[in-house]
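The values are calculated or read from the model by the stated rules, or taken from the named source; none is laboratory data. As the structure is a computational prediction, the values presented were derived from the model and not from experiment. Cβ sites come from the backbone with ideal geometry, for glycine too, and all protein chains shown count toward neighbours. Protein only, heavy atoms only, side chains kept; ligands, DNA and RNA dropped before computing areas. Shrake-Rupley method; radii C 1.70, N 1.55, O 1.52, S 1.80 Å.
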Amino acid sequence: MKLAMIGFGQAGGKIVDKFLEYDQRTGSNIVRSAVAVNSAKADLMGLDEVPQDNRVLIGQSRVKGHGVGADNELGAEIAEEDIDEIQGAIDNIPVHEVDAFLIVAGMGGGTGSGGAPVLAKHLKRIYTEPVYGLGILPGSDEGGIYTLNAARSFQTFVREVDNLMVFDNDAWRQSGESIESGYEEINEEIVRRFGILFGAGEVGGDDAVAESVVDSSEIINTLAGGGVSTIGYAAEEVENANSGSGLLSRFTGSDDEPTDTANTTNRITSLVRKAALGRLTLPCEIEGSERALLVLSGPPQHLNRKGIERGRKWLEEQTGSMEVRGGDYPVSDSQYVASVVLLSGVNNVPRVKELQEVAIEAQENIDEIQEQSEENLEELVEDDDDELEPLF
């Protein structure tokens with residue numbers, strides 16, 4: 001799947017940078033074009049892979065390149081005001097070569113949280129290609145203002161995109177980790193999962209052909225109903241017969257012969273279960289998911305149609321959905337068999353409900369503090385006898 005990626009804000013820019021690095025490392029060629037948009041000049045300068053010409057600094061007349069300070073209303077305003085500058089960078093994207101736009105943004109901050117929904121609305125008005133969002137939820141320990149930002153951004157973003165894929169930092173931060181190393185690992189996890197998903201179906205001249213092809217249309221159809229999506233992932237190391245050595249190749253006698261069918265089938269079905277019931281990018285109950293897509297990747301001799309069909313059938317039973325697609329993505333030189341499960345249209349998501357409740361409480365607290373602050377100021381400067389005249 002060929003994507004035009006736009007990283008909005010600090011987190012969005014870093015993740016798009018990571019996707020470009022992943023592309024170079026794996027040769028997956030997912031990112032056809034990449035743009036980074038920010039109101040903070042330092043964040044744009046800190047990127048390594050996004051081309052200089054595709055780094056767009058917005059809001060210079062308002063915030064002078066210093067960011068919006070977690071004010072996502074201001075983030076939305078400057079995105080509206082400078083939409084032509086953003087469009088200028090997007091005009092360089094060969095849109096006829098991309099399958100979809102993907103806007104990546106952290107939802108707890110200011111620039112991405114406020115600006116990403118504005119950009120999504122703009123792109124949907126102009127282009128016929130799908131516009132997806134990848135939203136990163138803040139951890140619950142990051143503070144009330146970030147939770148409030150995320151709750152407001154979430155409900156706006158999900159309305160403006162064709163589908164909102166979500167990654168919840170709260171479910172992934174390790175206790176005792178430094179913030180920097182924590183986010184580094186989280187970004188790696190995001191890119192790995194979405195990289196395998198979007199890389200499916202890309203076959204080069206020397207690549208093995210899939211038993212059951214997954215291409216961009218399968219992904220687009222799974223995301224087509226809108227709403228919120230989450231991704232599960234599980235992988236297992238295997239001995240690759242293509243190395244021509246080791247126990248496995250001695251048993252099979254040939255690089256091209258399949259490994260034991262029963263073992264292969266059992267491994268695949270086990271990985272599908274682990275992916276769907278393990279740690280999802282957005283934890284949720286999988287029952288009631290409207291649509292699902294299963295992608296198996298790994299050395300071709302470790303993939304088979306029977307295992308994929310059995311895994312797909314199990315997913316149908318667990319989700320209750322009749323729209324479960326599945327297929328494989330052979331990677332000849334891989335040492336792993338990996339399963340990626342995309343669940344789209346999920347609705348039983350405790351984290352989102354909790355986010356909204358905390359945000360409402362934070363909003364009430366902010367209003368109370370504001371009211372109290374005004375009263376305190378009145379008391380401080382009060383002139384009971386009206387002896388002082390104001391300057392104007």
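Observations
- Number of residues in region 316-362 that are among the hydroxyl-bearing types (Ser, Thr, Tyr) and either assigned to a helix (DSSP H, G or I) or surrounded by fewer than 21 Cβ atoms within 10 Å (Cβ to Cβ) (or both) equals 5.
- Those residues of region 135-156 which are in a loop (DSSP other than H, G, I, E, B) and at pLDDT 90 or above, in sequence order: Pro138
- So Ile219, is it under 14 Å from the mean Cα position of the chain (by Cα) and at pLDDT 85 or above: no
- Residues of region 267-282 satisfying the condition of being surrounded by fewer than 20 Cβ atoms within 10 Å (Cβ to Cβ) and among the aliphatic types (A, V, I, L, M): Leu277
- Of all the criteria given as (1) closer than 30 Å to Glu185 by Cα; (2) at pLDDT 90 or above; (3) under 22 Å from the mean Cα position of the chain (by Cα); (4) not β-branched (Val, Ile, Thr), the one not satisfied by Arg351 is (2).
- Selection of region 115-150 for residues being open to solvent by 10 Å² or more (accessible area, probe 1.4 Å) and small (Gly, Ala, Ser) yields Ser140, Gly143, Gly144.
- Filtering region 77-99 to residues that are open to solvent by 30 Å² or more (accessible area, probe 1.4 Å), acidic (Asp, Glu) and more than 21 Å from the chain's Cα centre (by Cα) leaves Glu77, Glu80, Glu81, Asp84, Glu85, Asp91, Glu97.
- Among the residues making up region 156-171, those that are buried (at least 24 other Cβ atoms within 10 Å of the Cβ) and either farther than 16 Å from Phe101 by Cβ or of a type in the set (S, T, N, Q) (or both) are Asn163, Val166, Phe167, Asp168.
- Yes/no for Ile15 being farther than 26 Å from Gly144 by Cα, open to solvent by less than 50 Å² (accessible area, probe 1.4 Å) and at pLDDT 95 or above: no
- Looking only at residues of region 283-315 that are among the small types (Gly, Ala, Ser) and buried (at least 20 other Cβ atoms within 10 Å of the Cβ), we find that the one that is farthest from Val272 (Cα to Cα) is Ser289.
- First in region 342-360 and touching a residue at least 60 places away in the same chain (Cβ under 8 Å) and under 13 Å from Leu164 (Cα atoms), second anywhere and small (Gly, Ala, Ser) and open to solvent by 20 Å² or more (accessible area, probe 1.4 Å), Cβ under 7 Å, 6 or more apart: Ser344/Gly225; Ser344/Gly227; Gly345/Gly225; Gly345/Gly227; Asn347/Gly288
- Only one entry of Leu102, Leu44, Leu74, Leu57 meets the criterion of being at pLDDT 95 or above and either surrounded by 24 or more Cβ atoms within 10 Å (Cβ to Cβ) or on the phi > 0 side of the Ramachandran plot (or both), and that entry is Leu102.
- Scanning region 225-250 for residues that are among the small types (Gly, Ala, Ser) and either modelled with pLDDT under 50 or over 26 Å from Gly133 (Cα atoms) (or both) gives Ala241, Ser243, Gly244, Ser245, Gly246, Ser249.
- When Gly204, Gly176, Gly182 are checked against the criterion of being in a loop (DSSP other than H, G, I, E, B), more than 24 Å from Ala120 (Cβ to Cβ), modelled with pLDDT under 85 and open to solvent by less than 50 Å² (accessible area, probe 1.4 Å), a single residue qualifies: Gly204.
- Test: Gly199 is buried (at least 20 other Cβ atoms within 10 Å of the Cβ) and at pLDDT below 90: yes
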